[in-house]
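Each remark here refers to the structure printed beneath this line.
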Amino acid sequence: MTFLPDASEPWSVVVRLAPDKEDYWVFYDVSHLMGKNLKISADVDEKTLKKIYQADEIHGQDSIYQEKNRPQYHFSTKRGWINDPNGLVFYDGEYHLFYQHNPMETEWENMHWGHAVSADLIHWKELPTALYPDKLGTMFSGSAIIDYQNHAGYNKGKQPAMIAFYTAASDARQVQCMAYSLDKGRTWTKYNKNPIIDSKEKWNSQDTRDPKVFWYEPSKHWVMILNERDGHSIYTANDLKNWTYQSHVSGFWECPELFELPIDGNPNNKKWVMYGATGTYMLGSFDGKVFSPEAGKYLYNSGKLYAAQTYSNIPENDGRRIQIGWGRIQQPNMPFNGMMMLPTELSLRTTKDGPRLFNNPIKETEQLFSKIDSWKNLTSSKANELLHQFSDYDKIRIRTKIKLSHATEAGFNLYAQRMISYDMNANILNTMFYSPQDPTSMELSADIYIDRTSIEVFFDNGIYTSYLERKPDPNNQEGFHFWGNNIEILELEVFEIKGIWK
Ligand code: FRU
């Protein structure tokens, strides 16, 4: 379909329209063209074309957020596909969550920037589409900042511009662009001299994308970290428009991040963290132009998390490094697909192997939970009996600490799906090599967040997180089930979870 508005550029999207009975309905937000004429052209028969109509309500409006597989306390979009979080920025009481969005279908295509806002990172309100494809391409991933000092020249009086950096992707190339908003991210104007970086020839590669921009106070300049071919490049600018290439670190793919964190909360002992879309990270130092890796690569998570990004402009008196990542989770038979995993706080803590990244749900999540019951020192069969009644809950949180009695395998299932799978003989915990802080320890703790389609397991205070799609075996009757040779359940707590949608 091609959209041809009056007095602005046309753009196209790919969409498979149903010739007969539709699988689901989607809407396409054109509120930014209010008062203008919009011509839509598509190469389809008249019967199909007639199903396209204009309205102020979304088809199926009343059932939104009440669908059978709708995540209950995680963000998901009303309709269509989502992947990476983009433009995570806090401003004037609102956390913005932009995201890779195909408004037309439940598979990846037609990248737009969708938009949602929240006052607490838990309850979200989906807003109109922020960025639409244009002649440079579709809107791939990127970031956002607040330009308090008017370096780009877009501020209006006391109103600082929110500036988004994104990749415009076409079949020919991926180029970096910017757009600004003076109304808290609701409407956007693209820079009239886009692109700001076009580096295909330099790298002899199509893969140059996902700009993440931040302010570097010691040298008072802007830094952009950009994934180019085999790793992350660093660019700098004073005006946010003219960027100078500085350096490159090989070994990462997509969605770059670079930020500084104190170790054990000590402001006099800090390290920089660089990571890519899988979350593999290096620790090192950064002088504003060059990141020098000292250690890594390490991994703090495995499974379904991808393309996680951290917030910019978090107030100094808060100071947290807050992250949201995309859950590559299928929403079966739903008019939407994918989800965002719980927002987490990243921290660097000393371990027996040196400083490592820890990942824990942010404190705001606590409002969701109320304790139903807790027990101590149970056999696994007693624990299984106590948990049985909760096995079919659509959402529930379980905290537990188990103690092995043999150096063999132990774990915890939900309808035969392994949420904890610990092979102490091979030292493998949920697919990853795992050596506990006390290497002689027979204990393991886990904080497990279950939603309708997802499971997040935070091990041993956040040293390692496992992100899973919830996939019960329909032929299994067990429900919650601890297993292992003579294991003990030292602690067990069950929390009820409030949903976030009205
Ligand atoms: C990561 C990614 C990014 C890209 C975006 C496109 O999931 O491939 O590199 O910008 O998704 O949707």
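In the stretch 283-322, which strands (runs of 3 or more DSSP E) lie fully inside it and hold 3 or more residues that are crowded, with 20+ Cβ neighbours inside 10 Å?
305-310
Name the single residue that is surrounded by the fewest Cβ atoms within 10 Å (Cβ to Cβ) among those in the stretch 323-334 being at pLDDT 95 or above and more than 16 Å from the ligand (Cβ to nearest atom).
This residue is M334.
Filter the stretch 220-262 down to residues that are over 17 Å from Y148 (Cβ atoms), open to solvent by 20 Å² or more (accessible area, probe 1.4 Å) and touching a residue at least 12 places away in the same chain (Cβ under 8 Å), then give me how many there are.
Counting residues in the stretch 220-262 that are over 17 Å from Y148 (Cβ atoms), open to solvent by 20 Å² or more (accessible area, probe 1.4 Å) and touching a residue at least 12 places away in the same chain (Cβ under 8 Å) gives 13.
Residues that are without any contact (Cβ under 8 Å) to a residue 40 or more places away in the chain: which strands (runs of 3 or more DSSP E) entirely in the stretch 379-476 hold 3 or more of them?
417-423
I'd like to know if the stretch 163-170 contains one or more residues that are under 22 Å from W11 (Cβ atoms) and assigned to a loop (DSSP other than H, G, I, E, B).
Taking every residue of the stretch 163-170 in turn, at least one turns out to be under 22 Å from W11 (Cβ atoms) and assigned to a loop (DSSP other than H, G, I, E, B).
Any idea how many residues of the stretch 16-46 are among the small types (G, A, S) and either touching a strand residue (DSSP E or B) at 6+ places or on another chain (Cβ under 6 Å) or touching a residue at least 40 places away in the same chain (Cβ under 8 Å) (or both)?
3
Every residue in the stretch 263-282 that is closer than 29 Å to P160 by Cα and either open to solvent by less than 20 Å² (accessible area, probe 1.4 Å) or within 16 Å of the ligand (Cβ to nearest atom) (or both), please.
Answer for the stretch 263-282, where residues must be closer than 29 Å to P160 by Cα and either open to solvent by less than 20 Å² (accessible area, probe 1.4 Å) or within 16 Å of the ligand (Cβ to nearest atom) (or both): V273, M274.
Among the residues of the stretch 208-235, which ones are within 15 Å of the ligand (Cβ to nearest atom) and polar (S, T, N, Q)?
T208, N227, S233
Could you grab me the full set of residues in the stretch 170-194 that are open to solvent by 50 Å² or more (accessible area, probe 1.4 Å) and among the hydrophobic types (A, V, I, L, M, F, W, C)?
A172, L182, listed by residue number.
Residue by residue, here is whether (1) within 16 Å of the ligand (Cβ to nearest atom); (2) open to solvent by less than 30 Å² (accessible area, probe 1.4 Å) holds:
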residue	(1), (2)
F3	no, yes
M34	no, no
A42	no, no
K47	no, no
Y53	no, no
G60	no, no
E105	yes, yes
W108	yes, no
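Kindly indicate the residue of the stretch 80-94 that is more than 16 Å from the ligand (Cβ to nearest atom) and within 15 Å of R186 (Cβ to Cβ) and also least open to solvent (accessible area, probe 1.4 Å) among those meeting that condition.
Filtering first and then ranking leaves V89.
Taking the stretch 128-145 as the search range and keeping residues that are part of a loop (DSSP other than H, G, I, E, B) and within 15 Å of the ligand (Cβ to nearest atom), which one is farthest from V175 (Cα to Cα)?
Y132
So, of the residues in the stretch 327-351 that are farther than 23 Å from Q66 by Cβ and of a type in the set (V, I, T), which turns out to be nearest to the chain's Cα centre (by Cα)?
Of everything passing the filter in the stretch 327-351, T344 is nearest to the chain's Cα centre (by Cα).
Scan the stretch 240-257 residue by residue and report those that are in a strand (DSSP E or B) and within 16 Å of the ligand (Cβ to nearest atom).
Selection gives E257 alone.
Considering only residues that are within 25 Å of D29 (Cα to Cα) and without any contact (Cβ under 8 Å) to a residue 40 or more places away in the chain, look in the stretch 131-170 and name the one that is nearest to the chain's Cα centre (by Cα).
The extreme case among them is M139.
For S205, which of the numbered conditions (1) buried (at least 21 other Cβ atoms within 10 Å of the Cβ); (2) within 16 Å of the ligand (Cβ to nearest atom) fails to hold?
(1)
For the stretch 212-224, give me each residue that is out of contact with any Pro (no Cβ under 8 Å at 6 or more places or on another chain) and not in a loop (DSSP other than H, G, I, E, B). Break it down into steps so the answer makes sense when it comes.
Going through the stretch 212-224, the residues out of contact with any Pro (no Cβ under 8 Å at 6 or more places or on another chain) turn out to be 213-223.
Within the stretch 212-224, V213, F214, W215, Y216, H221, W222, V223 qualify.
Going by the conditions given, is T77 assigned to a loop (DSSP other than H, G, I, E, B), under 21 Å from Q330 (Cβ atoms), open to solvent by less than 10 Å² (accessible area, probe 1.4 Å) and among the β-branched types (V, I, T)?
yes
Given the condition open to solvent by less than 10 Å² (accessible area, probe 1.4 Å), away from the ligand (no atom under 16 Å from the Cβ), more than 27 Å from W222 (Cα to Cα) and touching a helix residue (DSSP H, G or I) at 6+ places or on another chain (Cβ under 9 Å), answer yes or no: does some residue in the stretch 339-351 qualify?
Yes: one or more hits.
Rundown of residues vs (1) more than 16 Å from the ligand (Cβ to nearest atom); (2) closer than 23 Å to N242 by Cα; (3) open to solvent by 10 Å² or more (accessible area, probe 1.4 Å), yes/no style:
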site: H115; (1), (2), (3): no, no, no
site: W124; (1), (2), (3): yes, no, yes
site: M162; (1), (2), (3): yes, yes, no
site: Y166; (1), (2), (3): no, yes, no
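The values are calculated or read from the model by the stated rules, or taken from the named source; none is laboratory data. Keep in mind that what you see is a predicted model, and the values were worked out from it rather than measured. As a convention, Cβ positions derive from the backbone with ideal geometry for all residues, glycine included, and neighbour counts pool all protein chains shown. The accessibility values were calculated without ligands, DNA or RNA, using every heavy atom of the protein model including side chains. Shrake-Rupley method; radii C 1.70, N 1.55, O 1.52, S 1.80 Å.
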